[in-house]
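Structure, as structure tokens:
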Amino acid sequence: MKVLVVVPAYNEEKSIEGVVRELNRHFPEGDVVVVNDGSADETEKKAGAAGAKVLTLPFNSGIGNAVQTGLRYALENGYSAAAQFDGDGQHNAADLHRIFDPVLKGETDLCIGSRFLEDREGGFRPNRRRRFGIWLISTILFLLSGLRILDVTSGFRAMNAAVIRLFCDHYPTDYPEPEAIIYLHKQGLRIQEVPVTMFERSGGISSINTLGSIYYMVKVPMSILISHLRRT
Amino acid sequence: MPRLQILAILFSVALLWITFELVRRKRLREEYSLLWFATAFGFLGLSLAGQRLGVLTELLGFRLVSNTILVFGILFLLGVVFALTIAVSTLTSKMNRLSQEVSLLRDKMGRGKDPGP
């Protein structure tokens, strides 16, 4: 079973080498592709030096497009499953088996690694404001779909070929993670959540600031609602 | 309720509905839809303002309430057009970049300069 780990990265020269090395160490059975989202720094070079396959986008177009690029690579190269793994060092390579196992066993179609399922020692949780935002989105999702997903914004997720194909056809832009859940649910696919640990961002800057937060809290609920109302 | 106000409300609701439908059918991207939602909501707010519109008209020095609605309508549209012009500029840059990549890729693949029909 060919399995791919998609690592979207934008200006992550400080963390990308460590990320790739950890992936090779903890998950040697999977292939790694780093999708360099038009980084201005040395991300591409460093990722290549650590031994990863790198796809470089000619300009920055956001996480949605970067992940979709990686998934198209997965589709075109016949991978049976893929996972998203952020290039900033927040995700834990040792937990990859936890999200891949239910998918590879056929128990679910999308498996999300959640920071909020267990009180795991040493795990990093986002600050209060972000936690509130995540709770709000999670509640909206629940009210619309009945799906009880706690970590709706977690990009740490594994998916099978059916999901890969769907995402290649349509993957939301901007803040894709919550909307993608509703999209898959509407297609009748199964979504599961498992507890994982995450780390604090090791380098670089987070893409969410105050103005961004307002845009986020308007745009994401709206997108979820519209996605819910789509027929296909 | 005066006829103008009813028309304005209907128009705002229609605009809201059209925008919503276009996004739902994936004909309009969410990022651009926000401008139109803001415009539609702004217009709806104005049409529901009623008496306050008269006060605003006096304040702004216009003779007719319809002038106030018109001017705000134009301002909103100006904002939308401006934002779209900026978006188009960005897209043009990206497209140029992509075309460069394509030509360099074609070169790498050993294909000719003529892309054919």
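Here are a few things to note about the model shown:
- Qualifying residue in the stretch A:86-105 (condition: more than 18 Å from the chain's Cα centre (by Cα) and not hydroxyl-bearing (S, T, Y)): yes
- Residue within the stretch B:70-78 that is in contact with a Gly (Cβ under 7 Å, 6 or more places away or on another chain) and under 22 Å from B:L22 (Cα atoms) present: yes
- Flag if A:Q90 is crowded, with 20+ Cβ neighbours inside 10 Å, in contact with a helix residue (DSSP H, G or I) (Cβ under 8 Å, 6 or more places away or on another chain) and touching a residue at least 40 places away in the same chain (Cβ under 8 Å): no
- Residue match in the stretch A:208-227 (condition: under 29 Å from A:Y79 (Cβ atoms) and in contact with a Ser or Thr (Cβ under 8 Å, 6 or more places away or on another chain)): no
- Scanning the stretch A:107-124 for residues that are surrounded by fewer than 20 Cβ atoms within 10 Å (Cβ to Cβ) and at pLDDT 90 or above yields one hit, A:E107.
- Elements of type helices (runs of 4 or more DSSP H) in the stretch A:127-232, at least 3 residues being aliphatic (A, V, I, L, M) and either within 14 Å of chain B (Cβ to nearest Cβ) or without any contact (Cβ under 8 Å) to a residue 12 or more places away in the chain (or both): A:210-229
- Selected residue (criterion: farthest from B:S103 (Cα to Cα)) from residues of the stretch A:9-21 that are out of contact with any Ser or Thr (no Cβ under 8 Å at 6 or more places or on another chain) and crowded, with 19+ Cβ neighbours inside 10 Å: A:V19
The values are calculated or read from the model by the stated rules, or taken from the named source; none is laboratory data. Quick caveat: nothing in here was measured; it's all calculated off a predicted structure. For neighbour counting, all protein chains shown are included, and Cβ atoms are generated from backbone atoms with ideal geometry for every residue, glycine included.
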